[in-house]
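Notes follow the structure.
Values in this text are rule-based calculations from the coordinates and carry no lab data. Here the structure is a predicted model, which means the values were calculated and not measured. Please note: Cβ atoms are built from the backbone with ideal geometry, for glycine as well, and neighbour counts cover all protein chains shown.
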Amino acid sequence: MDTLYTALMAREETGLCFLCDGAPCTAACPRGVDPARAIRSARLENQSGAALHLPTPLPCHSCADRPCLKACVKARTGRGVAVDAVLKTLASHQVERSAASLEIDFCGVPCENPFFLSSSIVANDYEMIARAFRMGWAGAAFKTIGLFVPDEVSPRFDAIRKETTPFLGFKNIEQISEHTAQENLDAIRRLKAEFPAKVIIASIMGRDEDEWTELARLVTEAGADIIECNFSCPHMAANGLGSDVGQSPELVAAYTRATLRGTARPVLAKMTPNLGQMEPPAIAAMEAGASGIAAINTIKSVMNINLFTFTSGPDVAGRTSVGGYSGKAVKPIALRFIQTMKQNPRLADAPISGMGGIETWRDAAEFLAVGCETVQVTTAVMQYGYRIIEDMTEGMRQYLGTMGMTSVRQIVGRALPHIVPAEELDRKTLCYPRFNRKKCVGCGRCRISCADAGHQAIRAGEDNRPLMEPSKCVGCHLCLTVCPAEAITPGKRVPKPARLHPAGR
Ligand SMILES: Cc1cc2nc3c(=O)[nH]c(=O)nc-3n(C[C@H](O)[C@H](O)[C@H](O)COP(=O)(O)O)c2cc1C
């Protein structure tokens, strides 16, 4: 394997892994190596943790039989994961274990780390949440509790896939808790008694002011640390609930006040992204007495139209309805809503619990960097299970160590000064792409994209490798973003040539 591409190869191979439960590759290793654990860490962007999970020296170097390869169940689909090659790459990183602190306060409540389950099926009852707590989640937003039990449909989930990515985006048409309020209150009581240091956020949804007050009173009595008002589910089977509320600053204010009549605990308003600006309802909630904001809930969506039957997903006996979109695809949208709120002077001090597409410690760190103090996760847990918490905490600690930081608090808000209105961006300089001739494989993808979607600044050179014509390049970096061999990087920033100044045309 050319060392130029080992990182790329390792990423592609880990992307192919099925992340089996009870992984046969690990069971097959006679030398006690746990390839499944290391590969999962790498897949979840915790490369340095992956190295920590491997023994030094790595015994794979002297293993001739390679039973891990023979055991890989992915091979049954045509091609197994190159487990040994991946492990050798992962083990080549020299890393030190970081002891950075993940503790953080949220609305005055101490949290052992910033990672919470978000209100949904992943936090649906006592057993599930207890298991998640034991695995390391700092807290859970309990599946939304109401004074009614909704009538659900089957199926209720669907996903958009792309290449080897199983859930690029995920749609659900599930409503609130399928348990009675009494069952949910009992679960909260039990969880609080058994896990006093973990944080329980009780998500509630009333149908009128009295119900909001009553639910707040009940979950407070049961021991919830924080109450989250669900102003945001986009597919309730009755009008005037969920995102119908979140789109109206007046209703948000009225129901926040009603909630506060039933509790002295911190109250979060969980916002809908199904509007242009989140600030008006968020300001209404804060001015009505909320302690903080949770964002985002799911985005209204239609997906996977079957072009033979013209039904779409999830297909409920030939029909579907608009449902909530979540998962990795929504992360940039969530970050934008949160960044805009944090940069609004009336919301700058509002604590935010961020969510929308968080799968890894890196995703979570981005939410903290735009000003969140905690984060919440659903779709990634639906896809990979509670176990992702192991790489979230370890990966975050390792990152903080690499950055010379001692506490996760040091990231909060760090990206905000770098996000400015478009009119404040530097329009006087330009950054040409830099081509790494050794890494380039001559596939021509940069040339096609530049020709058909850019400025025709790349032509074929020797071995089909790109030759750039600076007189045509505008520095858009499309070539860099499409290069599959990672052979193009940003070059130096230089003054923009006169040809590119509007006045020079
Ligand atoms: C299956 C499913 C059920 C959900 N149920 C609720 C709910 O009961 N209450 C709520 O406030 N949000 C609910 N959500 C929204 C999530 O809490 C979260 O805001 C959203 O999915 C974005 O995060 P994610 O990309 O990590 O999933 C649900 C999401 C999914 C996918």
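Points worth noting:
- Potential lengthening between LEU147 and PHE195 on full extension [0.36 nm per residue; Cα-Cα distance subtracted]: 14.7 nm
- Listed pairs LYS162/LYS270; LYS439/LYS472; LYS438/LYS496; LYS171/LYS428 exceeding 32 Å between Cα atoms: LYS171/LYS428
- Convex hull of Cα atoms in the range 279-367, direction-averaged projection (nm²): 7.5
- Applying the Kirkwood pairwise sum to the alpha-carbon positions of the chain produces a hydrodynamic radius of 25.0 angstrom.
- Reach of LYS192 by Cα under 19 Å, taken over lysines that are not fewer than 8 positions away in the same chain: LYS143
- A straight Cα-to-Cα reach below 15 Å connects LYS331 with the aspartates and glutamates GLU359, ASP363, GLU366, residues fewer than 8 places away in its own chain not being considered.
- Residue-span extension gain [HIS477 to ASN464] - 0.36 nm each, minus C-alpha spacing: 2.7 nm
- Taking a straight Cα-Cα cut-off under 15 Å and skipping sequence neighbours fewer than 8 places away in the same chain, the aspartates and glutamates within cross-link reach of LYS492 are ASP426.
- The range 111-180 versus the range 260-321: alpha-carbon centroid distance in Å: 14
- DSSP beta bridge pairing in the chain, given as percent antiparallel to the nearest 5: 45
- Net charge over other residues, Cβ less than 14 angstrom from the Cβ of THR340 (K, R count +1; D, E count -1): +2
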